[in-house]
Amino acid sequence: MLVYITRAAAEPAWGLAQREEMGLRIHAFQRAQIPDLNAFCTGAEPQGLVEVPSVPVGLFKEGLNFCAGPSGRVFRTSGTTQGRRGEHHMPDTQVYELAARLWWQACVPDCPERVISLVPNPAQAPDSSLGHMVHDFGSTTLSYFDMERGVDHEGAWQALLAVQRPVFVAATAFSMASLLEQGPSLSLPSGSVCMVTGGFKGRKVSLSSKDLLEQIPERLGTPVVEEYGMSELSSQLWGGPDFGGAGRFHAPPWMKVYTVDPVSGMPCEGTGLLRFVDLANWASCLSIETQDLGVVDGQWVTLKGRLQASPHRGCSLSAEEAGVWRP
């Protein structure tokens, strides 16, 4: 997988051409190695990736073993007080780290490796996939988020005001909104980038994605990108205003995204429930069904909200529960 992802990142057309065959081989491997997944897929004989049974994200909360071999690392879904958290077990993080870094570099080229982080610190939250990813991106990472107290506004603003070289500011939507409420406007050095992730709807309050994404360049003087990912996946999608508008994301060539009708579960055109076939999930679940609605155009995904009555999820919930956002 390391070889395939490395070449696919460099040659996306080759990656797309090889994806179907590689994916079906991974599915067969997972069926042979993961009894719980094999039981879930009973009777299925997929001839293509859209026929691979897609595991709903909710099943990751049920204690099933979806790992091929011993679990060397576990990432958990966000949230600290609202019931059982989903768990994504993997043998190690090599493929996860490679896939994340290569696609980040492809979508956000020349992004600084000096990071100011408003996401969970892996030293405090080692089961946060977002925290792990952001920390891995940086050669130097300064963290200003605490799982209990939330954003360290004073420390973060002091760090931002002291920046003299380009910096990568990584935040959840709620953390960024909280930060902007507590400080002045400034202009970060040219080449700086701000990332927002985690969704804009919480249990208590909703944010306007359009308003927040417009505020960031005005308040920090830096372009903004959006990241879409989840603990159950090993790959991320990148988007933002420069990718065609808020909520529009680019998927890597080793990931197939398609939509299904929420009632029938059959592939559909237009807005539907999103399914992700992520080859970087080589040792867990190849195909994942989310509770997000969207429209898919090749490798581009436009989010359209969430399935009605589905539970809120996403990394912004950690910020909300830590009390960083109070309407």
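Annotations for the structure displayed:
- Cβ-Cβ distance of Q47 and A10, R₀ of 41 Å, FRET efficiency by 1/(1 + (r/R0)^6): the value works out to about 0.90.
- Rounded to 0.05, the FRET efficiency of the R149 and D36 pair, given R0 = 35 Å and the Cβ-Cβ distance, is 0.40.
- Between 0 and 90°, nearest 10: helix 209-220 axis offset from the chain longest Cα axis: 40
- Helix content alone sets the calculated 222 nm mean residue ellipticity of the chain: runs of n ≥ 4 DSSP H residues at -39500 (n - 2.57) each, divided across all residues, give -9000 deg cm²/dmol.
- Once both labels are positioned 7 Å from their Cα atoms along Cα-to-Cβ, the gap between E97 and T140 label points is 2.1 nm.
- Relative to the dominant Cα principal axis of the chain, helix 153-162 is inclined by about 80°.
- When both bridge partners sit in segment 162-309, DSSP labels roughly 75% of those beta bridges antiparallel.
- Spin-label pair A28/V3, simplified geometry with 7 Å Cα→Cβ offset, distance in nm: 1.7
- For a label point 7 Å along the Cα-to-beta-carbon line of D211, residues of segment 162-183 with backbone N under 19 Å: 172-183
- The angle between the Cα long axis of helix 94-107 and the longest principal axis of the Cα atoms of the chain comes to about 60 degrees, rounded to the nearest 10.
- DSSP-defined antiparallel bridges as percent of all bridges, the chain, nearest 5: 65
Values quoted throughout were computed directly from the atomic coordinates according to the rules given, and no laboratory measurement underlies them. These numbers were taken from a predicted model, which means no experiment stands behind them. Ideal geometry is used to build each Cβ from the backbone, glycine not excepted, and the neighbour counts take in all protein chains shown.
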